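Written out below as structure tokens is the structure these notes cover.
The values are calculated or read from the model by the stated rules, or taken from the named source; none is laboratory data. Bear in mind the structure is a predicted one, so any value in this text is a computation, not a measurement. For neighbour counting, all protein chains shown are included, and Cβ atoms are generated from backbone atoms with ideal geometry for every residue, glycine included. Note: areas computed on protein heavy atoms with side chains; ligands, DNA, RNA excluded. Shrake-Rupley method; radii C 1.70, N 1.55, O 1.52, S 1.80 Å.
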Amino acid sequence: MNVRTKMHQGTLYISLDGELDHHTAEFTRGQLDHHMVQTRAGQIIIDLANLKFMDSTGIGVLIGRYKKMRDRNVPIYVANPSSQAERIFKMTGLYSIMPKAN
């Protein structure tokens, strides 16, 4: 898993590239926590264009980050979901807490 970030005009952009599963969850969680907590972002957009696979552990990682940032009043949005990510977000209802970015 490769986690890339960029801050632009108060928005933290995070790009996930690879597989988000039980093998990469701890690393990804640590990277996301570090970047999300270190910045003073007004919102976060997670780009999932290069997310090749995500299992239930990966879903848990994203929900955990959502809860952490919700407590700080920082909304999280999803951009460019891969077809696999799109299917999971629709099936699980994740779009209700992390909607697609406009």
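So the values come out like this:
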{"item": "Whole-percent carbon and sulfur share, accessible surface of the chain, 1.4 Å", "result": "48 percent"}
{"item": "DSSP-defined beta bridges in segment 2-96 - what % are antiparallel, rounded to 5", "result": "35 percent"}
{"item": "Residue with peak Gaussian network fluctuation, the chain [Cα springs, cutoff 10 Å], from Met91, Met54, Met69", "result": "Met91"}
{"item": "Relative contact order (%) - the chain, alpha-carbon pairs under 8 angstrom, separation at least six", "result": "27 percent"}
{"item": "Charge sum, other residues only, whose C-beta stays under 13 Å from Leu94's C-beta, Lys/Arg counted +1 and Asp/Glu -1", "result": "+4"}
{"item": "Nearest-0.05 FRET efficiency for Asn102 and His23, computed from C-beta distance (R0 25 Å)", "result": "0.15"}
{"item": "Between 0 and 90°, nearest 10: helix 56-70 axis offset from the chain longest Cα axis", "result": "20 degrees"}
{"item": "Solvent-accessible area per residue for the chain (1.4 angstrom probe, square angstrom)", "result": "55 Å²"}
{"item": "Fluctuation leader among Lys68, Lys52, Lys90 - the chain, Gaussian network, Cα springs under 10 angstrom", "result": "Lys90"}
{"item": "Largest to smallest accessible area among Ile44, Ile59, Ile97 [probe 1.4 Å]", "result": "Ile97, Ile59, Ile44"}
{"item": "Space enclosed by the convex hull of the alpha-carbon atoms of segment 1-60, per residue, Å³", "result": "71 Å³"}
{"item": "Rough spin-label spacing in nm, given labels placed 7 Å along Cα→Cβ, for Thr92 and Tyr77", "result": "2.1 nm"}
{"item": "Assigned charges on the beta-carbon of Lys, Arg, Asp, Glu; the chain dipole about Cα centre (debye)", "result": "380 debye"}
{"item": "Amide H contacts under 5 Å for Tyr77, placed H, 5+ residues apart", "result": "Ile44, Ile45, Ile46"}
{"item": "Nearest-ten-degree value, helix 83-92 long axis tilted from longest Cα axis of the chain", "result": "80 degrees"}
{"item": "Residues whose placed amide H lies under 5 Å from that of Thr39, excluding near-sequence neighbours", "result": "none"}
{"item": "Pair Lys52, Lys6: separation of 7 Å Cα→Cβ label points (nm)", "result": "2.3 nm"}
